[in-house]
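Below you'll find the structure, written out as structure tokens, and then a few comments.
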Amino acid sequence: MVSELPVFKGKNPLIPGTEFLMDPFRFTTGKGMSLGSFYRIPFFFRKIFVTTDLEAIAHVLQRNQKNYRKSFAYRNLRLALGNGLVTNEGESWFQQRRLIQPGFHKAKLEGLFVAMGEVAERYFADLRRRTEKPTVLDLSVEMMKVTADIVLKTLFSTDNKADIAEMYRIMVDAQDYLVDRTTKPYFVPFYYVNGRHRHFRKDMDWFDRQLYALVDERRAMTNRPNDLLTMLLEARDADTGEAMSDQQLRDEAITLFAAGHETSSNGLSWILYLLSQHPEVLRSLRNEVDEVLGDRTPTFNDLPGLSYPMQVIKEGMRLYPPAFAIGREPIEDDVILGHRVPAGSVVFIAIAAVHRNPDWYERPTDFYPEHFLPEAEKERPRLAYMPFGAGPRMCIGNHFALMEMQLLLAMMVRRFNFELLPGHPIKPE
């Protein structure tokens, strides 16, 4: 039997769903949790269905995933990422995923980890020089820098500082622009008038020129470096034997760059903040890192022995998942948990709220790495923790991101003391 859902209209009838739209993280992890595990928010001509119900999530992301495409927010991302893995759909996505998947197998990741370690050593040596005396730094910016360095080294085998700085700036500006297009759609016409869209296109054109030049240069090489760009260039479709077109190479390369550093850097920034507020966890973390590594740089084979750092990382991403929600649109009308969900509406899977559900976590709002002891993980349903999504479209770079975070966190806590500047406000963006 199909029934009606509770509807949250908010305080402003002229702009429905304002409270949700302006701060969906805070809304879904706060007020939204009192509305139940499935509720509706009107949004102009669309209906948004918010859920934290694991059965509903499994239906959308796994069992009936072929009836769902990514929501309209992802279509704005195509302005920057083109038709890469994050934004692509259908059979085209499946073919691209199949081509790229071998680049993230264990043997490939082991080779990339060596490059990660080299970049990290240089970065932390420079950071030590810059912080010989107590220094105020924005650690979110620092983590963005080092993860950008790593992804450019592992993706393109480049460490040209001028290019890295400009690519970093462009990605930050592009993200701000695309987020504004998504959360404030009524302002979009003004962006074409005030020059903001033109500035965005100019930046993306510069980025494209760099990428196409790298592709041309790599094609001409006889001894290609063992990085992800070479993997993309040499990938062949199993059925047709075809290689990727230049446009596909561009789209996948920029997607791997954008997604490959921002998620790790945001995750690490929140973890460092949480550690600054929990000195007892930081002490336990340092003790294990010292015991396992001593004074040396982590190797790929050290990662399984760094179990407590992995608990800390998982717990940080539980409270502040870099991708705090997933949006999907039904292609055809559907019924979820007995409720009609029409085609073209949005199902908003509130990952951060799932992660704070007291049904699955003993201390849902606390930073408590013991949530990820092996026995505790076994007792929870799999979908109760999904910082990298779930189903066929689970993030292809999840193992890359986790090993990068283990490396950087171990090296950071062993070399530096850090604390939050007194009175400095911290707010999720």
request  = Report Rg(Cα)/(2.2 N^0.38 Å) for the chain, keeping two decimals.
outcome  = 1.00
task = Using only Cα atoms, figure out Rg for region 92-198 and give it as a multiple of 2.2 N^0.38 Å.
result = 1.43
query = Structure shown: which of K47/K184; K145/K378; K66/K378; K153/K427 lie over 24 Å apart, alpha-carbon to alpha-carbon?
reply = K145/K378; K66/K378; K153/K427
ask   = Gain in length, E291 to A220, computed as 0.36 nm per residue apart minus the alpha-carbon separation, to one decimal in nm?
value = 20.9 nm
Amide H partners (placed H, <5 Å) of D334, local residues excluded = V341, A343
query = Which ³J(HN,Hα) values in Hz, rounded to whole numbers, follow from the phi angles of region 313-325 under the Karplus curve 6.51 cos²θ - 1.76 cosθ + 1.60, where θ = phi - 60° and Gly and Pro get x?
reply = 4, 4, 5, x, 6, 5, 6, 10, x, x, 9, 7, 7
query = In region 79-103, which residues have a backbone nitrogen under 15 Å from the label point lying 7 Å from R46's Cα in the Cα-to-Cβ direction?
reply = 79
ask   = At a probe size of 1.4 Å, how large is the accessible area of T365, to the nearest 10 Å²?
value = 100
query = Residues of region 51-95: accessible area per residue at 1.4 Å, in Å²?
reply = 45
request  = Enumerate the residues in region 67-82 having an amide nitrogen under 20 Å from the point lying 7 Å beyond the Cα of L337 toward its Cβ.
outcome  = 67-69, 71
inquiry  = Need the full-extension length gain, I426 to S34, defined as separation in residues times 0.36 nm minus the C-alpha distance. One decimal, nm.
reply    = 138.7 nm
query = Considering every pair of different Cα atoms, what Kirkwood radius, in Å, is found for region 183-338?
reply = 20.7
message = How much accessible area per residue does region 300-429 have, counting only protein heavy atoms and a probe of 1.4 Å, in square angstrom?
response = 43
remark   = Under the Karplus relation with 6.51, -1.76 and 1.60 and θ = phi - 60°, whole-Hz ³J(HN,Hα) for region 253-265, x at Gly and Pro, equal 5, 5, 5, 5, 5, 5, 6, x, 10, 5, 4, 5, 5
ask   = What residues qualify as long-range amide H neighbours of T131, i.e. H under 5 Å apart, gap of 5 or more or another chain, H built at 1.01 Å from N?
value = none
ask   = So how far apart, in nm, are the two label points at E419 and E118 if each is 7 Å from Cα heading toward Cβ?
value = 3.9
note = Excluding ligands, DNA and RNA, the carbon-plus-sulfur percentage of the accessible area of the chain with a 1.4 Å probe reads 54
task = Could I have the simple spin-label model distance between N301 and R198, label points 7 Å from Cα toward Cβ, reported in nm to one decimal?
result = 6.0
remark   = Surrounding charge for F25, neighbours by C-beta under 14 angstrom, Lys/Arg +1, Asp/Glu -1, total +2
task = Only helical DSSP H runs with n ≥ 4 go in: add -39500 (n - 2.57) per run for the chain, normalise by residue count and round the 222 nm mean residue ellipticity to 500 deg cm²/dmol.
result = -17000 deg cm²/dmol
remark   = Among beta bridges assigned by DSSP with both residues in the chain, the antiparallel ones amount in percent, to the nearest 5, to 75
query = From the phi of every residue in region 297-306, what ³J(HN,Hα) in whole Hz does the Karplus formula 6.51 cos²θ - 1.76 cosθ + 1.60 yield, where θ is phi - 60° and glycine or proline is x?
reply = 6, x, 9, 4, 6, 6, 4, x, x, 8
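The values are calculated or read from the model by the stated rules, or taken from the named source; none is laboratory data. What you see is a predicted model, and the numbers here were worked out from it, not measured in a lab. Cβ coordinates were reconstructed from backbone atoms using ideal geometry, including for glycine residues, and neighbour counts include every protein chain displayed. For accessibility, only protein heavy atoms count, side chains too; no ligands or nucleic acids. Shrake-Rupley method; radii C 1.70, N 1.55, O 1.52, S 1.80 Å.
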